[in-house]
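Here's the structure we're looking at; comments come further down.
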């Protein structure tokens, strides 16, 4: 029985990249051996155990054989005669197929160390094509390591294109797509996640609403970049600079989906794209099983981001109505995220990246003023029910009007 450190911990240690989790592979043992040593079995599809003290995951060395389409169609073989090299062969990328024994010796049968040094993401074997989730994972690794100079091997990109053409991506379930996307949104450069999926053709399958933005023009006087897909990537990039919050980043990513449904005869204008976009976001989130907090912010950003841009031009009554529609009085934290995503939209254009935008501070000041209405005092004056609600609204409008005069 021999234990090896494998996967991400070895990879990130070689990269000098921070990591917290450690995964281990055990060679030469049976399930009974592990249980006798006090390990707790947790794996359903294959033998995985928690160490009795560290609680770190230890998996028996295993091989996999494709038995059906999709990412669940595998038969697992885990017996004492499976070697560490056999186990590493089934892994996705060479940089993830490195093991380290107790003496610190690296087991690297597929050139993972060399690819780390060359900053290349490369598949281990043709078995990569058997699991469509690996496309998502590779895209996520691109998002994590692009800032270190990592690129994708051309033969790996071609393999992913072939997988898409073969229909493998069609077997992905929405929950699994979202799981990888949510992780990617927390990486250094989420833009790379989207770009990799678009280049290999997978984005058109899993998020057609987003993919169709490329090639859709916008008015050059407002959007020097012209292309809506290019703009969207610039907005996501700016969102990452403004916030580490994944909800803000997701909202930035989907804020302009309505432009993808604008009739060509109306190009480059996009009349009422906000309302269309809000509806598309809701449909997308339902299909992909996106959590409600992500959905609610993204839908509001899609519908109201132009209100942010026009904030200084809006009448006080419209400002208050916007605050109400955004539920800013009850959920000021979400409203702040709305402002960040909308600012990212404003900055996501060539020449606008470093400009100062007053709209966010105006909205913040307006909300603070509108929240200062003394409701208790109004009750003492005899206002109740509908009359109280109308009076509160009138006072909010008056206070916002004072803010606009400053």
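Key figures for this structure:
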{"quantity": "So residue 302, is it at pLDDT 95 or above, buried (at least 22 other Cβ atoms within 10 Å of the Cβ) and either in contact with a helix residue (DSSP H, G or I) (Cβ under 7 Å, 6 or more places away or on another chain) or farther than 22 Å from residue 174 by Cα (or both)", "calculated": "yes"}
{"quantity": "Residue within the range 357-373 that is at positive phi and at pLDDT 95 or above present", "calculated": "no"}
{"quantity": "Positions within the range 79-103 being out of contact with any helix residue (DSSP H, G or I) (no Cβ under 8 Å at 6 or more places or on another chain), part of a loop (DSSP other than H, G, I, E, B) and crowded, with 20+ Cβ neighbours inside 10 Å, in sequence order", "calculated": "91"}
{"quantity": "Which listed residue, of 138, 106, is touching a helix residue (DSSP H, G or I) at 6+ places or on another chain (Cβ under 8 Å), closer than 21 Å to residue 19 by Cα and surrounded by 23 or more Cβ atoms within 10 Å (Cβ to Cβ)", "calculated": "138"}
{"quantity": "Qualifying residues in the range 109-135 (those that are within 22 Å of the chain's Cα centre (by Cα) and surrounded by 21 or more Cβ atoms within 10 Å (Cβ to Cβ)) - the one farthest from residue 164 (Cα to Cα)", "calculated": "121"}
{"quantity": "Meets criteria (surrounded by fewer than 22 Cβ atoms within 10 Å (Cβ to Cβ), touching a helix residue (DSSP H, G or I) at 6+ places or on another chain (Cβ under 8 Å), part of a helix (DSSP H, G or I) and modelled with pLDDT of 95 or more) for residue 225", "calculated": "no"}
{"quantity": "Hits in the range 349-392 - residues which are under 30 Å from residue 256 (Cα atoms), surrounded by fewer than 12 Cβ atoms within 10 Å (Cβ to Cβ) and in contact (Cβ under 8 Å) with a residue 12 or more places away in the chain", "calculated": "351, 358"}
{"quantity": "Matching residues, the range 239-282, being within 17 Å of residue 223 (Cβ to Cβ) and in a loop (DSSP other than H, G, I, E, B)", "calculated": "255, 256, 262, 267, 268, 269, 270, 271"}
{"quantity": "Hits in the range 97-130 (condition: over 17 Å from residue 155 (Cβ atoms) and in contact (Cβ under 8 Å) with a residue 12 or more places away in the chain)", "calculated": "98, 99, 100, 101, 102, 106, 107, 109, 113, 116"}
{"quantity": "Residue that is over 15 Å from the mean Cα position of the chain (by Cα) and crowded, with 19+ Cβ neighbours inside 10 Å, where the choices are 257, 210, 236", "calculated": "257"}
{"quantity": "Any chance residue 293 is touching a helix residue (DSSP H, G or I) at 6+ places or on another chain (Cβ under 9 Å), in contact (Cβ under 8 Å) with a residue 40 or more places away in the chain and under 22 Å from residue 229 (Cβ atoms)", "calculated": "no"}
{"quantity": "Verdict on residue 141 being within 25 Å of residue 109 (Cβ to Cβ), in contact with a strand residue (DSSP E or B) (Cβ under 7 Å, 6 or more places away or on another chain), in contact (Cβ under 8 Å) with a residue 24 or more places away in the chain and outside any loop (DSSP other than H, G, I, E, B)", "calculated": "yes"}
{"quantity": "Long-range neighbours under 8 Å by Cβ, at least six apart or interchain, first residue within 14 Å of residue 84 (Cα to Cα) within the range 13-30, second in a helix (DSSP H, G or I)", "calculated": "23/8; 23/9; 25/84; 25/87; 26/34; 27/84; 27/87"}
{"quantity": "Members of the range 283-296 that are part of a helix (DSSP H, G or I) and either touching a strand residue (DSSP E or B) at 6+ places or on another chain (Cβ under 6 Å) or farther than 26 Å from residue 217 by Cβ (or both)", "calculated": "285, 286, 287, 288, 292, 293, 294, 295, 296"}
{"quantity": "Condition check for residue 339: in contact with a helix residue (DSSP H, G or I) (Cβ under 6 Å, 6 or more places away or on another chain), free of Cβ contacts under 8 Å to residues at least 40 places away in the same chain, more than 29 Å from residue 277 (Cβ to Cβ) and assigned to a helix (DSSP H, G or I)", "calculated": "no"}
{"quantity": "Selection count, the range 25-58, where residues are under 26 Å from residue 128 (Cα atoms) and surrounded by fewer than 19 Cβ atoms within 10 Å (Cβ to Cβ)", "calculated": "7"}
{"quantity": "Sole residue being assigned to a loop (DSSP other than H, G, I, E, B), touching a residue at least 12 places away in the same chain (Cβ under 8 Å) and more than 30 Å from residue 34 (Cα to Cα), chosen from 183, 188", "calculated": "188"}
{"quantity": "Yes/no for residue 312 being in contact (Cβ under 8 Å) with a residue 40 or more places away in the chain, more than 24 Å from the chain's Cα centre (by Cα) and part of a helix (DSSP H, G or I)", "calculated": "yes"}
{"quantity": "Residue in the range 147-155 that is assigned to a helix (DSSP H, G or I) and more than 20 Å from residue 203 (Cα to Cα) present", "calculated": "yes"}
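The values are calculated or read from the model by the stated rules, or taken from the named source; none is laboratory data. Keep in mind that what you see is a predicted model, and the values were worked out from it rather than measured. Every residue, glycine as well, gets a Cβ built from its backbone with ideal geometry; the counts of neighbours run over all protein chains shown.
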